[in-house]
1. Take every Cα pair under 8 Å in segment 38-81 that's 6+ residues apart, average their separations, divide by the length, and report that relative contact order as a whole percent.
2. Taking 7 Å along the Cα-to-C-beta vector as the label spot, tell me the T89-A32 distance in nanometres, rounded to one decimal.
3. How about segment 27-135: which GluC sites (Glu not before Pro) there are in a DSSP loop, with at most 16 other Cβ atoms within 10 Å of their Cβ?
4. Keeping every protein chain present and rolling a 1.4 Å probe, give me the accessible area per residue for the chain in Å².
5. Please report, to two decimal places, log10 I(q)/I(0) for segment 94-140 at q = 0.26, 0.27 Å⁻¹ as given by the Debye formula with identical point scatterers on the Cα atoms and no solvent.
6. Considering only protein heavy atoms, what is the solvent-accessible area of T115 at a probe of 1.4 Å, reported in Å² to the nearest 10?
7. Lysines near K20 by alpha-carbon distance under 26 Å, same-chain residues fewer than 8 away left out - which ones?
8. Which trypsin sites (Lys or Arg not before Pro) from segment 1-68 combine a DSSP loop assignment with at most 11 other Cβ atoms within 10 Å?
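The values are calculated or read from the model by the stated rules, or taken from the named source; none is laboratory data. Not measured: the values here are computed from a predicted model. Neighbour counts run over all protein chains shown; Cβ positions are idealised from the backbone, glycine included. Just the protein is used for accessible areas: all its heavy atoms, side chains included, with ligands, DNA and RNA removed. Shrake-Rupley method; radii C 1.70, N 1.55, O 1.52, S 1.80 Å.
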Amino acid sequence: MTNLVYFSSVSGNTKRFIEKLGRSAARIPLHAREAALHADEPYVLVVPTYGGGDGKGAVPKQVIRFLNDPDNRSKIRGVISAGNTNFGTAFGLAGDIIAEKTGVPHLYRFEVFGTPDDVRAVDDGLDAFWSTQQLQTVSQ
Ligand SMILES: Cc1cc2nc3c(=O)[nH]c(=O)nc-3n(C[C@H](O)[C@H](O)[C@H](O)COP(=O)(O)O)c2cc1C
(Lines give C-alpha, C1' and ligand atoms only; values in the text may rest on other atoms or scores of the structure.)
Protein backbone atom coordinates (compact mmCIF):
# COMPACT_ATOMS: atom_id res chain seq x y z
CA MET A 1 0.00 0.00 0.00
CA THR A 2 0.96 3.61 0.29
CA ASN A 3 0.21 6.51 2.61
CA LEU A 4 -1.61 8.46 -0.09
CA VAL A 5 -5.12 7.50 -1.18
CA TYR A 6 -7.19 9.38 -3.76
CA PHE A 7 -10.40 9.35 -5.68
CA SER A 8 -10.81 10.72 -9.19
CA SER A 9 -13.89 10.52 -11.42
CA VAL A 10 -13.82 9.85 -15.17
CA SER A 11 -12.68 13.43 -15.80
CA GLY A 12 -9.40 12.42 -14.12
CA ASN A 13 -8.30 15.83 -12.82
CA THR A 14 -7.26 14.54 -9.41
CA LYS A 15 -5.47 11.61 -11.03
CA ARG A 16 -3.51 14.12 -13.07
CA PHE A 17 -2.55 16.01 -9.92
CA ILE A 18 -1.37 12.77 -8.28
CA GLU A 19 0.70 11.93 -11.36
CA LYS A 20 2.37 15.35 -11.22
CA LEU A 21 3.10 14.77 -7.54
CA GLY A 22 4.99 11.63 -8.50
CA ARG A 23 4.27 9.82 -5.24
CA SER A 24 2.92 6.34 -5.04
CA ALA A 25 -0.81 6.49 -4.38
CA ALA A 26 -3.75 4.08 -4.28
CA ARG A 27 -6.95 4.98 -6.14
CA ILE A 28 -10.40 4.36 -4.68
CA PRO A 29 -12.21 2.45 -7.44
CA LEU A 30 -14.75 4.24 -9.59
CA HIS A 31 -17.16 1.32 -9.92
CA ALA A 32 -18.72 -0.78 -7.16
CA ARG A 33 -18.00 -3.91 -9.23
CA GLU A 34 -14.24 -3.35 -8.81
CA ALA A 35 -12.48 -4.78 -5.75
CA ALA A 36 -12.77 -2.42 -2.80
CA LEU A 37 -9.62 -0.62 -1.67
CA HIS A 38 -8.36 -1.54 1.76
CA ALA A 39 -5.91 0.79 3.51
CA ASP A 40 -3.31 -1.14 5.41
CA GLU A 41 -1.35 1.83 6.71
CA PRO A 42 -2.10 5.43 7.77
CA TYR A 43 -2.84 7.69 4.82
CA VAL A 44 -3.74 11.17 3.63
CA LEU A 45 -6.84 11.23 1.40
CA VAL A 46 -7.04 13.44 -1.72
CA VAL A 47 -10.65 13.99 -2.72
CA PRO A 48 -12.43 16.07 -5.38
CA THR A 49 -15.61 17.89 -4.39
CA TYR A 50 -18.92 17.28 -6.18
CA GLY A 51 -22.48 18.25 -5.45
CA GLY A 52 -22.49 21.64 -7.13
CA GLY A 53 -22.35 23.79 -4.03
CA ASP A 54 -25.49 23.05 -2.05
CA GLY A 55 -23.60 20.81 0.38
CA LYS A 56 -25.38 17.65 -0.70
CA GLY A 57 -23.30 15.05 -2.52
CA ALA A 58 -20.06 17.00 -1.99
CA VAL A 59 -18.20 13.83 -0.97
CA PRO A 60 -18.24 11.30 -3.84
CA LYS A 61 -20.20 8.16 -2.94
CA GLN A 62 -17.18 5.98 -3.69
CA VAL A 63 -15.27 7.89 -0.99
CA ILE A 64 -18.16 7.53 1.48
CA ARG A 65 -18.15 3.77 0.84
CA PHE A 66 -14.38 3.62 1.40
CA LEU A 67 -14.63 5.57 4.67
CA ASN A 68 -17.60 3.55 5.90
CA ASP A 69 -15.18 0.66 6.32
CA PRO A 70 -14.17 1.13 9.99
CA ASP A 71 -10.63 -0.03 9.34
CA ASN A 72 -10.12 2.42 6.45
CA ARG A 73 -11.68 5.17 8.54
CA SER A 74 -9.36 4.49 11.48
CA LYS A 75 -6.27 5.01 9.32
CA ILE A 76 -7.05 8.44 7.81
CA ARG A 77 -4.67 11.12 9.12
CA GLY A 78 -5.44 14.10 6.92
CA VAL A 79 -7.42 15.23 3.89
CA ILE A 80 -6.58 17.33 0.83
CA SER A 81 -9.45 18.56 -1.30
CA ALA A 82 -9.78 19.42 -4.96
CA GLY A 83 -12.46 21.55 -6.51
CA ASN A 84 -13.18 24.70 -8.39
CA THR A 85 -13.38 28.24 -6.99
CA ASN A 86 -16.43 28.83 -9.26
CA PHE A 87 -18.36 27.04 -6.51
CA GLY A 88 -17.60 29.84 -4.05
CA THR A 89 -17.88 28.78 -0.41
CA ALA A 90 -18.32 25.16 -1.56
CA PHE A 91 -14.78 25.18 -2.99
CA GLY A 92 -13.17 22.01 -1.63
CA LEU A 93 -16.16 21.37 0.62
CA ALA A 94 -15.59 17.59 0.54
CA GLY A 95 -12.38 18.16 2.54
CA ASP A 96 -14.22 20.22 5.19
CA ILE A 97 -16.90 17.54 5.57
CA ILE A 98 -14.43 14.65 5.82
CA ALA A 99 -12.19 16.57 8.24
CA GLU A 100 -15.15 17.30 10.47
CA LYS A 101 -16.53 13.77 10.39
CA THR A 102 -13.24 11.98 10.94
CA GLY A 103 -11.47 14.53 13.17
CA VAL A 104 -8.40 14.94 10.95
CA PRO A 105 -6.93 18.20 9.54
CA HIS A 106 -7.96 19.59 6.15
CA LEU A 107 -4.39 20.10 4.98
CA TYR A 108 -4.79 21.84 1.63
CA ARG A 109 -7.21 22.62 -1.18
CA PHE A 110 -6.37 23.04 -4.85
CA GLU A 111 -8.24 23.79 -8.04
CA VAL A 112 -8.81 21.22 -10.79
CA PHE A 113 -5.48 19.47 -11.42
CA GLY A 114 -3.38 21.96 -9.45
CA THR A 115 -0.71 24.48 -10.41
CA PRO A 116 3.04 23.78 -10.13
CA ASP A 117 2.91 25.77 -6.86
CA ASP A 118 0.17 23.47 -5.55
CA VAL A 119 2.20 20.39 -6.46
CA ARG A 120 5.25 21.79 -4.67
CA ALA A 121 3.25 22.86 -1.61
CA VAL A 122 1.60 19.44 -1.28
CA ASP A 123 4.84 17.56 -1.85
CA ASP A 124 6.69 19.58 0.81
CA GLY A 125 3.63 19.65 3.06
CA LEU A 126 3.27 15.86 3.03
CA ASP A 127 6.91 15.39 4.02
CA ALA A 128 6.50 17.85 6.90
CA PHE A 129 3.16 16.33 7.91
CA TRP A 130 4.44 12.76 8.06
CA SER A 131 7.53 13.78 10.01
CA THR A 132 5.31 15.38 12.70
CA GLN A 133 3.12 12.25 12.72
CA GLN A 134 6.21 10.13 13.33
CA LEU A 135 7.29 12.42 16.16
CA GLN A 136 3.86 11.99 17.73
CA THR A 137 4.14 8.22 17.45
CA VAL A 138 7.57 8.23 19.05
CA SER A 139 6.41 10.43 21.94
CA GLN A 140 3.24 8.40 22.65
C1 LIG B 1 -21.21 18.19 -11.34
C2 LIG B 1 -20.02 18.83 -10.68
C3 LIG B 1 -20.16 19.40 -9.44
C4 LIG B 1 -19.06 20.00 -8.80
N5 LIG B 1 -19.23 20.58 -7.58
C6 LIG B 1 -18.17 21.19 -6.97
C7 LIG B 1 -18.31 21.82 -5.70
O8 LIG B 1 -19.38 21.84 -5.08
N9 LIG B 1 -17.21 22.40 -5.16
C10 LIG B 1 -15.99 22.40 -5.77
O11 LIG B 1 -15.04 22.94 -5.22
N12 LIG B 1 -15.83 21.81 -6.98
C13 LIG B 1 -16.88 21.21 -7.59
N14 LIG B 1 -16.71 20.62 -8.81
C15 LIG B 1 -15.38 20.67 -9.48
C16 LIG B 1 -14.61 19.36 -9.32
O17 LIG B 1 -14.30 19.11 -7.97
C18 LIG B 1 -13.29 19.48 -10.11
O19 LIG B 1 -13.59 19.56 -11.48
C20 LIG B 1 -12.34 18.34 -9.82
O21 LIG B 1 -11.11 18.64 -10.44
C22 LIG B 1 -12.86 17.01 -10.35
O23 LIG B 1 -11.89 16.01 -10.08
P24 LIG B 1 -11.85 14.62 -10.85
O25 LIG B 1 -11.77 14.92 -12.33
O26 LIG B 1 -10.63 13.94 -10.35
O27 LIG B 1 -13.10 13.88 -10.49
C28 LIG B 1 -17.79 20.02 -9.46
C29 LIG B 1 -17.65 19.43 -10.72
C30 LIG B 1 -18.76 18.85 -11.34
C31 LIG B 1 -18.57 18.24 -12.71
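1. 56
2. About 3.3 nm separates the two model spin labels.
3. E34
4. Heavy-atom accessible area per residue stands at 54 Å².
5. With no solvent term, the Cα-only Debye profile gives -1.00, -1.01.
6. 70
7. Straight-distance partners of K20: K61, K75.
8. Within segment 1-68, the qualifying trypsin sites (Lys or Arg not before Pro) (loop, at most 11 other Cβ atoms within 10 Å) are R33, K56.
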